[in-house]
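Here the structure comes first, spelled out in structure tokens, and everything after it is commentary.
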Amino acid sequence: MQQQEAKPKQETFDLEVESFSDREKLIIRRLREFYTIDRDIREAEEWARGDNLPFEPSITASAPRDDDPIVRRILQHDVLPPEAQKVVNSVQTYVSPDEFHYAATYRVTRRLERIEPVTWEHEEHIEMVLKLLKERYGEPEEYLELTETERLAIKREAYIMDARERLPILRERKRIIKQAMDDLEMYYPEWWTILHYKYVLRKHWKTVCKVAARDGVPLTDEEYRLSRKKALHQFDKWAVGLR
């Protein structure tokens, strides 16, 4: 008796590995980040103030070796003749005195070397300052080696500057995502449910199908896939400026 040939098993589509466009991938990533964005903003606010940084000084810092009254007078609004005050104003357009607590001369010089002045007058003033500092101290590589406290201060500054740059980006990102998701929840609740549970809360797609049930019946694979596609498309239309 001839053995009947076994039928091949039907393959099931794995929704977790479905491909997405680059824009869809970005939206998904931003929705996942949205879950902790309030904490990210709070941390950026603290770091921007110099609080709770990964690098905290363990000793009281003394005045840096290469600090100098010239630098302090340039960065701080001391009483200066009118022409000298113009130079101070030009430098402070690009460098804040709050940014330089340690190794002021070295760091101010390096910062001024890298900026691009927006006016010829600013450029002239900054060249004057650089010339003054280099005549007094020589080129940056000739400076004395930094102390551990100064190195720590430079590391802290990097975190502070990064936080100050990230903070407005995070706040704007939160505003855009929240507004788009609020609109989805009001006008397309099923689509909001899919995006919120799948990406913000990171639930399995089968769980999402149950939560987004229609008249008590969980979404089928095809219904879920189609609704998710529409949800991402509509979110993209309303999340103007999301990057």
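The values are calculated or read from the model by the stated rules, or taken from the named source; none is laboratory data. Remember, predicted model here, so these are calculated numbers, not experimental data. Every residue, glycine among them, receives a Cβ derived from its backbone with ideal geometry; neighbour counts consider all protein chains shown. Remember, those area values only see protein heavy atoms, side chains included, never the ligands or the DNA or RNA. Shrake-Rupley method; radii C 1.70, N 1.55, O 1.52, S 1.80 Å.
Brief remarks follow.
- Contacts under 6 angstrom Cβ, first residue in the range 225-236 being polar (S, T, N, Q), partner open to solvent by less than 20 Å² (accessible area, probe 1.4 Å), 6 or more apart: S227/I194
- Residue, nearest to P218 (Cα to Cα), within the range 176-202, restricted to residues that are in contact with a Leu (Cβ under 9 Å, 6 or more places away or on another chain) and of a type in the set (F, W, Y): W191
- Listed by first and then second residue, the pairs with beta-carbon distance under 7 Å, at least 6 apart or on different chains, first residue in the range 25-42 and more than 12 Å from R173 (Cα to Cα), second of a type in the set (K, R) and not in a helix (DSSP H, G or I), are R32/R202.
- The C-beta contact set for the range 159-184 (first residue outside any helix (DSSP H, G or I), second residue loosely packed, with under 13 Cβ neighbours inside 10 Å and aliphatic (A, V, I, L, M), distance under 6 angstrom, 6+ apart or interchain) is empty.
- Selection from the range 158-175 of residues that are charged (D, E, K, R) and out of contact with any Leu (no Cβ under 8 Å at 6 or more places or on another chain): D162, R164, E165, R166, R171, E172, K174, R175
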